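Throughout, read-outs are computed from the coordinates displayed, never taken from laboratory work. Since the model is a prediction, treat every value here as computed from it, not as a measurement. Because the Cβ atoms are built from the backbone with ideal geometry, glycine has one as well, and the counts that use them run over all protein chains shown.
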């Protein structure tokens, strides 16, 4: 049976995936704090673990995928005050934007998408359990509010995920001093707040939950203690995921690992610097999708292994528009694969199975197709090596085009064309299957062509009516044997990014990425 292997941050090793329950996998991924529109970092994390879920399902696993929405946070409160709106109204609006844009880049909806505001009882239950067990304590605050803190030193395994030692954390001044806490390392499970401030009633009075406790509560509700894979961005290893482990395992009477494996995706660097608002190099998903196709953005983010940093370079055109060269190149590759699907669909429309005797010229590409698909599966089995899988998708497309070219060359040989149609059908199926596994090729070729054409015309200031008029003028020039004028029109359109292709049924046109 196929063995899927993943890199476990906890052990620092690539390990075989061994689910708690045979062929059933529980995955929890930390989702966004919804106070603003999603950025490229959100997209990278969502896509990385969408590929994980897709691949596991393709390999026959029954996956329960949980990705949360953090809709209670101080950042949400601050932004809501700036906007003059209710915090939950803001978070609800931004959560919907996130769903739409992450869905646009090919991410499937999770099995469960819990919100913090819907899981306060579960949070209270864990906090109460921690207080009862002496792993957390309540602090009376000025003004009559009460905070609850987790005692880090009460958990002997603290630091096992991030490989940080408690004494080094203190001496390295990695934590801020707070006189309300017994130890500067301790972190909040519940923060009290005045009655007139955004918050909820709890056993400790009015307030809001701490950041870390929410994921322990929601993952526990939907997956139970000791689930298979916890995922998120590399920036969450410390303190968020380290604190999740501490509070979750301290609250569990029978002990055992909170999660069996931890997976983390790398950073997005913009122009060789880590993307951040403070540096002013913040790229939103909307920024990219205004310029490029969603599948191109997804392709680009999969060109680098999910654990490594990805370089997101930008250029500025003379008219001031910002472009993304890496995504532009990815879009050209997506164009190529979709065009190949069109050729293969046309070739294989009348396919009737592989004949008993296949021409040697077709046997070789047929074998190569199977090998390319196997290499792609092996790469995905090996800790989701999407860069290799994409290369093999390109190889499948190249081989498919070779078969189409052979069929065209030998079109008068009926037996050969019959075999080519059958091999073309196999190539079509393999490309579509691998594309689906990677979250690509989600629409028909016609739908892809229509949406890319419309967007590219808008970006270049073109209209279909003007282009068709130019093509009609060129056709008239050709019919009148004014080939110089016809060539001039072709060159004029090419300079504006429009490529023409003459066929038996007329002239087709595309707008370049």
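Here are some notes:
- Spacing of the two label points (7 Å from each Cα toward its C-beta) at residue 507 and residue 375, in nm: 4.0 nm
- Based on C-alpha pairs under 8 angstrom that are at least 6 apart in sequence, the chain has a relative contact order of 14 percent.
- With R₀ fixed at 25 Å, the C-beta to C-beta distance from residue 141 to residue 269 puts the FRET efficiency at about 0.05.
- Gyration tensor verdict on the range 78-136 (Cα atoms; rounded if a/c is under 1.5, prolate if a/b is larger than b/c, oblate otherwise): oblate
- Global geometry of the range 378-513, whether rounded, prolate or oblate, following the gyration tensor of its Cα atoms and the 1.5 cut on a/c: oblate
- Legend: calculated FRET efficiency, residue 21 to residue 368, from the Cβ-Cβ distance at R0 = 45 Å, rounded to 0.05, equals 0.70.
- Theoretical ellipticity at 222 nm over the chain - DSSP helices of four or more residues, -39500 (n - 2.57) apiece, nearest 500: -15500 deg cm²/dmol
- Extending 7 Å from Cα along the Cβ direction at residue 113 and again at residue 382 yields two label points whose distance is 3.5 nm.
- Distance from the range 294-349 to the range 119-158 (C-alpha centre basis), Å: 48 Å
- Of interest is the spacing of the C-alpha centroids, which for the range 369-405 and the range 469-510 amounts to 36 Å.
- The alpha-carbon positions of the chain define a convex hull whose volume is 172 Å³ per residue.
- The range 409-458: C-alpha gyration tensor shape, a/c 1.5 cut-off, then a/b vs b/c: oblate
- Relative contact order (%) - criterion: Cα under 8 Å, at least six apart; region: the range 165-319: 16 percent
- Computed lengthening from residue 478 to residue 12, 0.36 nm per intervening residue step minus Cα-Cα distance: 161.1 nm
- log10 of Debye I(q)/I(0), alpha-carbon scatterers only, for the range 193-244 at 0.21 Å⁻¹: -0.84
- Ranked by the mean number of other Cβ atoms within 10 Å of their residues, highest first, the peptides 222-230, 239-247, 354-362 come out as 239-247, 222-230, 354-362.
- Projecting label points 7 angstrom from Cα along Cα→Cβ for residue 153 and residue 100 puts them 5.1 nm apart.
- Taking the average, over residues, of other Cβ atoms within 10 Å as the packing measure, peptides 305-311, 65-71, 408-414 rank 65-71, 305-311, 408-414 from highest down.
- Net length available on complete extension from residue 345 to residue 276 is 20.4 nm, with 0.36 nm assigned per residue and the Cα-Cα distance removed.
- On Cα atoms only, tilt of 325-347 relative to the major axis of the chain in degrees: 50 degrees
- Degrees between helix 40-58 axis and first principal axis of the chain (Cα, 0 to 90, nearest 10): 80 degrees
- If you plug the beta carbon distance of residue 495 and residue 316 into 1/(1 + (r/R0)^6) with R0 = 25 Å, you get a FRET efficiency near 0.75.
- Highest to lowest packing among 119-131, 442-454, scored as the average C-beta count within 10 Å: 119-131, 442-454
- Rg over Rh [alpha-carbon atoms, Kirkwood Rh] for the range 368-416: 1.20
- Between the Cα long axis of helix 211-223 and the first principal axis of the chain there is an angle of about 70°, rounded to the nearest 10.
- Between the range 66-87 and the range 224-277, the Cα center-to-center distance that results, in Å: 22 Å
- The value of relative contact order for the range 173-247, using C-alpha pairs under 8 Å at least six residues apart, is 23 percent.
- Stretching the chain fully between residue 287 and residue 81 yields a gain of 71.6 nm (0.36 nm per residue, less the alpha carbon separation).
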